[in-house]
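Undergrad: The structure's right below; bear with me while I get my questions together.
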């Protein structure tokens, strides 16, 4: 039995324009020691997936389908049971280390809180354990820092504290939602290396959410590309990045600035004048406007009428690699720079 | 020879930190230390470095929002910080800024027209009709419609808001636009649209950019020159192509090595190498 099994998950949110599906047909499994990434732009359903797994969906959200942790159904779990689960079996690292910590409490107290709550440790034992955790996330001068407040730490140090809190009770599943987006590039690398190392040592399952394709390539074994609440492509990271089977995945890659881009372009010759990034026309649809068919149809260069008829089925394009696209294998028009 | 559009000469800035003890002198931090560079009209200069390296301090000094502790910031040869206040005020229309967060940099209670036309009224004393006309003109230039003038920021997406912020910066027909992480808060596909827009506006109007970013690939794409700041000093400067291919300073090498997608696992896969950024060949 896999650690986490998500099957045909559908999440419906109440928006100002009526009920709208934020997630559709999301299915995946994640086992201990495995790493899975979620890629996509804002509004594609990455964070809603994370919140669903944490039982933290907004008020009025409806969940259909199933999410099972070690075989236990989560989608119907009462809030009291969620409280026992959250922070103990499933833990989350949030994007903003500035706002994820309580500015009024010392970091020692914040790390000790789940230990006392979930594991019933005494104040002294929790404090000793908090120190060990701070050392484990390699916070310099950990012993002196136990009584420090969040504002006395830098962004990278705060994110280490957030990770220490997440790890406190030895969770089986770690959900990290853009854990390094607010950090400098060198700090980002350190924090990602730390998460990778801890996941490996503890044999946790890692669900990493990021819009940064490079971060994904470095960190996770498998990725799922999301668009309009749908997993449009998934597979082993290197296969997905090599094949780029879905037009959206391809568009994401083409739009990304890359070092040496203007030298690589034919006629670029190192002169940046006239060198433009390829763009995906249009923008991410609002949830309430999602069409019945493929959500990417309106922006797709190779769309045909059938794409709008209904959700495209997942087509296998390689071992463990599939794409929800009727046009897999159809060559895209040369990705020209937008004027 | 005409003076460069922007000349920064040996600029230093020290900030006084809050007092830690009652009787001790307050500690100081050296945010910039002897920074010099020039920027010719119509070109783009990238400034890269980590948080705390002095990037934003440099932006504030160039925008004449703060005075340097020592050194000079010259706009077309004139020392901005030596100008009388009334004169400086007149010069401000030549300097505009685009901020990182398009959600925080637009007033939610003001329409696009009020936001975009405000610099015209404040800096140039333009009348209503002229304000409206020029605001519509710049909105068109950034790919929005004149009908959007009556709308409020919340009616726009992040990318559109950043277009509004760019329109506000363009409306006074500035010579220099300081862009402080203008695309860091945007999604990949939106980021590409905004970067392309900034480049075509430069081709059309000849604006000069001081482009601050922690993203080396973005700077490589849009800038003619780049300076690398570390702890308030320029540690390396030059053409981005050369600088990012053969970084000389250890700090630049460290920045480059940390760019995601450059780990050995990825580098080893030949297929991936086509899609992900190449690691520039390092000097041995």
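Undergrad: Taking the range A:278-314 as the region of interest, how many residues are surrounded by fewer than 21 Cβ atoms within 10 Å (Cβ to Cβ), assigned to a loop (DSSP other than H, G, I, E, B) and more than 14 Å from every other protein chain (Cβ to nearest Cβ)?
TA: Of the residues in that region, 11 qualify.
Undergrad: Given the conditions (1) touching a strand residue (DSSP E or B) at 6+ places or on another chain (Cβ under 8 Å); (2) within 12 Å of chain B (Cβ to nearest Cβ); (3) over 15 Å from residue B:261 (Cα atoms), which single one is not true for residue A:213?
TA: (3)
Undergrad: Condition first: closer than 19 Å to residue B:74 by Cβ and in a loop (DSSP other than H, G, I, E, B). Now tell me which residues in the range B:23-52 satisfy that.
TA: Within the range B:23-52, B:40, B:41, B:42, B:43 qualify.
Yes or no, residue by residue, for (1) in contact (Cβ under 8 Å) with a residue 60 or more places away in the chain; (2) surrounded by fewer than 20 Cβ atoms within 10 Å (Cβ to Cβ):
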residue	(1), (2)
B:159	no, no
B:170	yes, no
B:203	no, yes
B:208	yes, no
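Undergrad: A further question on this structure: If you go through the range B:140-192, how many residues are in contact with a strand residue (DSSP E or B) (Cβ under 7 Å, 6 or more places away or on another chain) and within 14 Å of chain A (Cβ to nearest Cβ)?
TA: Residues that pass the stated criteria total 2.
Undergrad: So which residues in the range B:35-56 are away from chain A (no Cβ under 14 Å) and surrounded by fewer than 22 Cβ atoms within 10 Å (Cβ to Cβ)?
TA: B:36, B:37, B:38, B:39, B:40, B:41
Undergrad: Same structure again: In the range A:65-81, which residue that is touching a residue at least 60 places away in the same chain (Cβ under 8 Å) and not in a loop (DSSP other than H, G, I, E, B) is nearest to residue A:206 (Cα to Cα)?
TA: If we take residues in the range A:65-81 being touching a residue at least 60 places away in the same chain (Cβ under 8 Å) and not in a loop (DSSP other than H, G, I, E, B), then A:69 is nearest to residue A:206 (Cα to Cα).
Undergrad: Can you report the number of residues in the range A:131-151 which are closer than 24 Å to residue A:189 by Cα and assigned to a helix (DSSP H, G or I)? Even if it seems obvious, please write down each step before you answer.
TA: Of all residues in the range A:131-151, those closer than 24 Å to residue A:189 by Cα come to A:131-142, A:145, A:150-151.
Filter once more, keeping what is assigned to a helix (DSSP H, G or I): A:131-136, A:142, A:145, A:150-151.
Going through the range A:131-151 one residue at a time, the tally reaches 10.
Undergrad: Give the residue, chosen from B:129, B:135, that is surrounded by 22 or more Cβ atoms within 10 Å (Cβ to Cβ), at pLDDT 90 or above and out of contact with any strand residue (DSSP E or B) (no Cβ under 6 Å at 6 or more places or on another chain). Working first, answer last.
TA: Details: B:129 fails: surrounded by 22 or more Cβ atoms within 10 Å (Cβ to Cβ).
None of the other options fit; the residue is B:135.
Undergrad: Right, next: Can residue B:72 be described as assigned to a strand (DSSP E or B) and closer than 23 Å to residue B:194 by Cβ? It would help to see each step written out before you state the result.
TA: Details: assigned to a strand (DSSP E or B): yes; closer than 23 Å to residue B:194 by Cβ: no.
No; evaluated as a whole, the condition is false for this residue.
Undergrad: Please go through the range B:193-228 and give me each residue that is part of a loop (DSSP other than H, G, I, E, B) and either farther than 23 Å from residue B:105 by Cα or more than 12 Å from every other protein chain (Cβ to nearest Cβ) (or both), ordered by number. Step through it out loud before you land on a result.
TA: First pass over the range B:193-228, keeping only residues part of a loop (DSSP other than H, G, I, E, B): B:206-207, B:213-215, B:223-224.
Scanning the range B:193-228 gives B:206, B:207, B:223, B:224.
Undergrad: Take the residues in the range A:221-243 that are surrounded by fewer than 23 Cβ atoms within 10 Å (Cβ to Cβ) and in contact with a helix residue (DSSP H, G or I) (Cβ under 8 Å, 6 or more places away or on another chain), then tell me which one is farthest from residue A:93 (Cα to Cα).
TA: A:242
Undergrad: For the list (1) part of a helix (DSSP H, G or I); (2) more than 7 Å from chain A (Cβ to nearest Cβ); (3) in contact with a strand residue (DSSP E or B) (Cβ under 9 Å, 6 or more places away or on another chain); (4) surrounded by fewer than 22 Cβ atoms within 10 Å (Cβ to Cβ), I need the number of the one condition that residue B:235 fails.
TA: Condition not satisfied by residue B:235: (1).
Undergrad: Which residue, of A:145, A:84, A:132, is without any contact (Cβ under 8 Å) to a residue 40 or more places away in the chain, in contact with a helix residue (DSSP H, G or I) (Cβ under 9 Å, 6 or more places away or on another chain), surrounded by fewer than 18 Cβ atoms within 10 Å (Cβ to Cβ) and farther than 30 Å from residue A:224 by Cα?
TA: On the way: A:145 fails: surrounded by fewer than 18 Cβ atoms within 10 Å (Cβ to Cβ); A:84 fails: farther than 30 Å from residue A:224 by Cα.
Every option except A:132 fails the conditions.
Undergrad: Moving on. Out of all the residues in the range A:90-123, which are in contact (Cβ under 8 Å) with a residue 60 or more places away in the chain and crowded, with 18+ Cβ neighbours inside 10 Å?
TA: Step one: filter the range A:90-123 for residues in contact (Cβ under 8 Å) with a residue 60 or more places away in the chain, giving A:90-98, A:100-101.
Across the range A:90-123, the qualifying residues are A:90, A:91, A:92, A:93, A:94, A:95, A:97, A:100, A:101.
Undergrad: Does the range B:146-185 hold any residues that are within 15 Å of the chain's Cα centre (by Cα) and more than 27 Å from residue B:129 (Cα to Cα), and which are they?
TA: Of everything in the range B:146-185, those that are within 15 Å of the chain's Cα centre (by Cα) and more than 27 Å from residue B:129 (Cα to Cα) turn out to be B:178, B:179, B:180, B:181, B:182, B:183, B:184, B:185.
Undergrad: Quick check, is residue B:280 over 19 Å from the mean Cα position of the chain (by Cα), over 22 Å from residue B:184 (Cα atoms), surrounded by 19 or more Cβ atoms within 10 Å (Cβ to Cβ) and modelled with pLDDT under 90?
TA: Numbers: over 19 Å from the mean Cα position of the chain (by Cα): yes; over 22 Å from residue B:184 (Cα atoms): yes; surrounded by 19 or more Cβ atoms within 10 Å (Cβ to Cβ): yes; modelled with pLDDT under 90: yes.
Here the answer is yes, as residue B:280 does meet what is asked.
The values are calculated or read from the model by the stated rules, or taken from the named source; none is laboratory data. As the structure is a prediction and not an experimental result, all values here were calculated from the model. Reconstructed Cβ throughout: ideal geometry from the backbone, glycine too, with neighbour counts over all protein chains shown.
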